[in-house]
Amino acid sequence: MKSFVTCSCILNSYWLAAVRLLIQFYAGNQMNRILPRIVCLLLSCVMPWASGVSLASAQELYLPRFTVPDHDSQSDAINELHALHHGAAFSDCTLWDPWLPHATLWTGQKPRDQYRASLLNRKIDGEGYVSVNQHRGMRHSEGWPFPGWQQSGGTGFHFSVADEVWAIQSFAQKALTNTDGWDIRGAVVEGINPVRGLRLLTTSDVVTITTPAFSCGTIVAPFARLEWAASGLGRESQPNIQWLFEGESEWSSDRQVDFSPLNESDGLKFANVPLYRHPKYAGILNRYRLTFNHAAGSRIDLK
């Protein structure tokens, strides 16, 4: 029974918690007549999902075997259930690191290799922040996917909602279909693509793109997240973002933050611009303005 208790503590499925607790209770108490029936009943409720998974399959996966003395049918059910869900108990998402590795590493070399590769390839920025890497959201592209700007009192503009499953499901997010309220200078609008968003062809060396008016406190907008692409920008090009506060109409060169330029091979890419670090970024925002210099003859996409 000792070896059984050890295995029972690491069944690797959240909805198996009830099974785990019942088996542990059974192993440590004298209710031998009652609990086998409870475990059997519980397993009979969940086993319809395990149809088609045999003990032979579990053995082929080189999985450990759970054995309860004198309860072969219940043991077989647990082994089949483990085999059914074991393969899916893996995620590259940092969020699940405290649980899934502990629940799977003990079972064999395959999950160890998976997690070794996953952990060695985690995105870590220059300040040591580790990407959550859960799914696309409406805030910092490497961070927690929520709260989105729709929940925090922020503001967002989307010319495309391609791949924005969470935003569509959570907020019925729709893409902009025109540039009403925008001020675009030094470029002409070629159209709005359902995947790449607003497509601009530059006609000047300096391009400015100003958002429509909005009202948003800087405290809920520490970053400006831009998903964009470019081809043909000059090597000296240095994009930046500026802001206006409520009641202002003049842009100031001492209130801007640069972000990295792109070339065609980069494709669509996120820029998470840390505006909160600027000492003059404090107040109620009214507009953002993007500036691209050395831009003549280039194309710029804003998703």
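The values are calculated or read from the model by the stated rules, or taken from the named source; none is laboratory data. Remember, it's a predicted structure, so these values are computed and weren't measured experimentally. When we count neighbours, we look across all protein chains shown, and the Cβ atoms used for this are built from the backbone with ideal geometry, even at glycine.
Things worth noting here:
- Considering residues of the stretch 182-199 that are within 16 Å of Thr211 (Cα to Cα) and not in a strand (DSSP E or B) only, the residue nearest to the chain's Cα centre (by Cα): Trp182
- Filtered residues of the stretch 101-155 (kept if of a type in the set (S, T, N, Q), more than 21 Å from Leu63 (Cα to Cα) and either assigned to a loop (DSSP other than H, G, I, E, B) or without any contact (Cβ under 8 Å) to a residue 40 or more places away in the chain (or both)): Ser118, Asn121, Ser131, Asn133, Gln134, Ser141, Gln150, Gln151, Thr155
- Exclusive hit being at pLDDT below 95 and more than 25 Å from Glu164 (Cα to Cα), set Gly247, Gly297: Gly297
- Selected residue (criterion: farthest from Val132 (Cα to Cα)) from residues of the stretch 63-115 that are over 22 Å from the mean Cα position of the chain (by Cα) and of a type in the set (D, E, K, R): Asp70
- Sole residue being on the phi < 0 side of the Ramachandran plot, in contact with a Cys (Cβ under 9 Å, 6 or more places away or on another chain) and surrounded by 14 or more Cβ atoms within 10 Å (Cβ to Cβ), chosen from Leu285, Leu268, Leu226, Leu262: Leu285
- Looking across the stretch 230-254, just one residue is surrounded by 16 or more Cβ atoms within 10 Å (Cβ to Cβ), among the polar types (S, T, N, Q) and under 19 Å from Arg277 (Cβ atoms), and that is Gln242.
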